[in-house]
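In what follows, a structure is listed as C-alpha cells, so that the remarks can point back to it.
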C-alpha cells in the first residue's frame, strides 16, 4: 500500500497537488473500504499522518521551486 502511495505522490512527477490528489483519493478510499471491518483505528491514524506528511513534502517542493517555467528571458539593452 505504501509503495503505491509513493508512486502516486512522487515529488518529481511534474504534477500539481490537485492533479495528484484525485487518483490518490480514489486509491485510499478503496483501500479504506476494503479494510473497514478491521478494528484498527490506530493503524488508520498512522497511515493518515504518513500520507499527510508525503503531501506536505510535495507542497514544500513546489514552493521551493517557484514558477521556473514562467520566467521570461532577460532583456538586453
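The values are calculated or read from the model by the stated rules, or taken from the named source; none is laboratory data. Since the model is a prediction, treat every value here as computed from it, not as a measurement. Cβ placement follows ideal geometry from the backbone for every residue including glycine, while neighbour counts extend to all protein chains displayed.
Here are some residues: 21, 14, 30, 42. Which one is in a helix (DSSP H, G or I) and either at pLDDT below 80 or within 12 Å of the chain's Cα centre (by Cα) (or both)? First the steps, then the outcome.
Details: 14 fails: in a helix (DSSP H, G or I); 30 fails: either at pLDDT below 80 or within 12 Å of the chain's Cα centre (by Cα) (or both); 42 fails: either at pLDDT below 80 or within 12 Å of the chain's Cα centre (by Cα) (or both).
Result: 21 is the single residue among 21, 14, 30, 42 that is in a helix (DSSP H, G or I) and either at pLDDT below 80 or within 12 Å of the chain's Cα centre (by Cα) (or both).
Being modelled with pLDDT of 75 or more, exposed (fewer than 11 other Cβ atoms within 10 Å of the Cβ) and part of a helix (DSSP H, G or I), is that true of even one residue in the range 62-71? Spell out how you get there, then give the answer.
Of the range 62-71, the ones modelled with pLDDT of 75 or more are 62-64.
Filter once more, so that each one left must be exposed (fewer than 11 other Cβ atoms within 10 Å of the Cβ): 63-64.
Filter once more, so that each one left must be part of a helix (DSSP H, G or I): 63-64.
Within the range 62-71, one or more residues are modelled with pLDDT of 75 or more, exposed (fewer than 11 other Cβ atoms within 10 Å of the Cβ) and part of a helix (DSSP H, G or I).
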Problem set entry | Residues of the range 1-11 classified as in a loop (DSSP other than H, G, I, E, B) and either exposed (fewer than 11 other Cβ atoms within 10 Å of the Cβ) or touching a helix residue (DSSP H, G or I) at 6+ places or on another chain (Cβ under 8 Å) (or both), total | 3
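Residue check: is residue 16 loosely packed, with under 10 Cβ neighbours inside 10 Å and closer than 20 Å to residue 63 by Cβ?
On the way: loosely packed, with under 10 Cβ neighbours inside 10 Å: no; closer than 20 Å to residue 63 by Cβ: yes.
Answer is no for this residue.
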